[in-house]
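Please read the structure below before turning to the comments.
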Amino acid sequence: MQLYPLFADLTDRPVLVVGGGDVAARKAAMLLRAGARVTVGAPMLGPELRELVQQGRVAYRAGAYQSEWLAGVWLVIAATRSRPLNARIAADGHSQQRLVNVVDDPVLSSFQVPAVIDRSPLLVAISSSGTAPVLARRLRERIESLLDPALGPLLQLAQRYRARIRARHADLASRRRFYDWLHDGPVRALLRASHPVHAEQQLVAALSQRHEPKAQGSVVLVGAGPGDPGLLTLRALRALNEADVILHDALVDAQILDLARRDAVQIAVGKRSGGVHTPQETIHALLLEHARAGRRVVRLKGGDPFVFGRGGEELEFLRAHGIVYEVVPGITAALACAAFSGVPLTHRDHAQSVRLVTAQCQHALTELNWGELAQERQTLAVYMGVNKLDELTRQLLAHGRAPTTPFALVENGSLPSQRTLVGALHDLPSLAARHAIRAPALLILGEVAALADASHWHGELLGALPHPASTATLADAA
Ligand code: SAH
């Protein structure tokens, strides 16, 4: 071990930061968070430090560095731009047995400031002994994404009730089980859902119960986004990391499932059009069975769970059965396909609204309000439409949408296999057939789709938009 790790209590202890710029300001802010009494020394201060001084939160020694500044301080951070000056501060500090950090200079320093994940009272600190700050920062990001922000409040709560928990669960094994329940159960879930008062009530109730609290199952309805794992939210990633059981749609990409806890049970409840179909009742039954067995269930759906995902029905079912749940939104196909084909869904000049429409209606497609859908100056994002392009096109044209209206049909949006087909509405069925576009594909129809031609950036671009001249001819002919 090259370095001795330590967590210092600097509450009310004098410390010195030499330097007046941004770096010095960041160091001062961090020291203030730890409750230290911070003095900054520099000939001049940047705006952040000036403000801290004006607020009286930081003391200021104006002028060039002098070794007397080190008197009485516990540690010093040298954050000036001059290496000779930093070296002088370090030498003075070492000779007076102060702990010295010179920013970005492990050779001159006697202590280093680690990359920190702050879930106070929990602190995770990472050091590469100054050899690989980039690696330390990457690791920090990974760990940051693993530890949900509710962990801090949970530990604070546990700290306040520590004595009562110890008294109620004098036996070590029973205390461990209680803490497991605290971390995995409803108290943490309530904190995540921003109900701190309820969370505390649950804790108090559990402590006054005669029997030990039973592991309580829960369901997190998680949107997995359109396919690219990079489009998962941190919250989704955490849910996958904590899951005991994952019920996922067929549309969810294998790369995303790879991010889940290794020993989580994965159950495919596919509903790919044409493929195996799991009835909704079976999905409900599985959710209930696993949640009642005390497991943390993730119900993982493509895109967003509340956009054509029957997430609403699943929540209703869970609520009716008293199962605790959370919902994590995902990036829905319309947003992802628009972004990955360079099509803004709204545009000051061309589209003031967007409609998310499904072509997979419970009833006939004829029941959609085509008059409204065919209106101009709006964008349609049509889900599950690849098998219905004929009728879709026919109805829109019949209800007055211009035959030259541009479309972008995005297949496998956000995945490496993405293909974007562009063209004019009247050519849509024939072009899609010629290029054999398959589900999952999303149709973006409206003036904005013309922008795909120039702004498209991901995957292959197929087809072409009508030339303005031929547009005129078409309009004349129509
Ligand atoms: N809840 C999902 C939609 C489920 S319906 C969401 O919010 O995105 C399934 C339809 O979504 C598909 O038929 C297709 O139209 C669209 N879709 C889902 N993923 C897609 C992708 N990666 N590329 C293009 N369309 C996609």
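The values are calculated or read from the model by the stated rules, or taken from the named source; none is laboratory data. Note that the structure is predicted; figures quoted are calculated from it, not measured. Ideal geometry is used to build each Cβ from the backbone, glycine not excepted, and the neighbour counts take in all protein chains shown. Note: areas computed on protein heavy atoms with side chains; ligands, DNA, RNA excluded. Shrake-Rupley method; radii C 1.70, N 1.55, O 1.52, S 1.80 Å.
Quick notes on this structure:
- Between Ser127, Ala250, Gln66, the Cα set farthest toward the positive side of the dipole of the chain (charges on each charged residue's Cβ, about the Cα centre) is that of Gln66.
- Loop-located GluC sites (Glu not before Pro) across the stretch 343-440 with a Cβ neighbour count of 16 or fewer within 10 Å are Glu376, with loop assigned by DSSP.
- Distance between the stretch 47-61 and the stretch 251-265 - C-alpha centres, whole angstrom: 50 Å
- Taking the square roots of 5 times each eigenvalue of the Cα gyration tensor of the stretch 14-113, largest first, gives ellipsoid semi-axes of 19, 14, 13 Å.
- Rounded if a/c under 1.5, otherwise prolate or oblate - the stretch 337-477, Cα gyration tensor axes: rounded
- Hydrodynamic estimate: the Kirkwood radius of the chain over Cα pairs, inserted into Stokes-Einstein at 37 °C and 0.692 mPa s, corresponds to D of 121 µm²/s.
- Neighbour cut-off at most 14 other Cβ (10 Å), DSSP loop, chymotrypsin sites (Phe, Trp or Tyr not before Pro), the stretch 335-422: none
- Across the stretch 14-113, Cα pairs under 8 Å and at least six residues apart give a relative contact order of 27 percent.
- GluC sites (Glu not before Pro) restricted to the stretch 131-205 and DSSP loop, no more than 12 other C-beta within 10 Å: none
- Cα-centre dipole for the chain with unit charges at Cβ (Lys and Arg positive, Asp and Glu negative), debye to 20: 2000 debye
- Positive-end extreme of charge dipole, the stretch 195-252 - chosen from Pro196, Pro226, Asn241 (charges on Cβ): Pro196
- Here the stretch 151-208 is treated with +1 on each Lys and Arg Cβ and -1 on each Asp and Glu Cβ, and its dipole about the Cα centre works out to around 180 debye.
- Over the stretch 151-208, the pair-distance histogram of Cα-Cα distances with 10 Å bins from zero comes to 25, 60, 14, 0 percent, rounded to whole numbers.
- Working note: Karplus 6.51/-1.76/1.60 with θ = phi - 60° gives the stretch 54-67 the couplings 4, 6, x, 8, 10, 8, 10, 10, 7, x, 6, 4, 10, 5 Hz, where Gly and Pro are set to x.
- Only alpha carbons enter this Debye calculation for the stretch 218-331, each as an equal point scatterer, and the log10 of I(q)/I(0) it gives at q = 0.11, 0.18 Å⁻¹ is -0.29, -0.82.
- Arg296 long-range amide H proximity, modeled H, under 5 Å: Ser218, Asp244, Val245
- Dipole check for the stretch 290-365: with +1 at the C-beta of Lys and Arg, -1 at the C-beta of Asp and Glu, and the Cα centre as origin, the magnitude is about 260 Debye.
- The amide H of Arg37, built 1.01 Å from its N in the peptide plane, has Asp12, Arg13, Val15 as neighbours under 5 Å, considering only residues 5 or more places off or on other chains.
- Less than 5 angstrom separates the built amide H of Val328 from those of Leu221, Val222, Gly223, all sequence-distant by 5 or more or on a different chain.
- Farthest toward the positive end of the dipole of the chain, out of Leu300, Leu345, Ala136, is the Cα of Ala136, where the dipole comes from beta carbon charges about the Cα centre.
- In percent, rounded to a whole number, the relative contact order of the chain is 9, using alpha-carbon pairs under 8 Å and six or more apart.
- Vicinal HN-Hα couplings computed from phi for the stretch 111-125 (Karplus, 6.51 cos²θ - 1.76 cosθ + 1.60; Hz; Gly/Pro x): 9, 10, 9, x, 6, 10, 10, 9, 10, 3, x, 7, 10, 10, 10
- Here the 3J(HN,Hα) profile of the stretch 154-164, calculated from phi with Karplus coefficients 6.51, -1.76 and 1.60 at θ = phi - 60°, is 5, 5, 5, 4, 4, 4, 5, 9, 4, 5, 5 Hz, Gly and Pro shown as x.
- The chain, accessible surface, carbon-and-sulfur percent (1.4 angstrom probe): 54 percent
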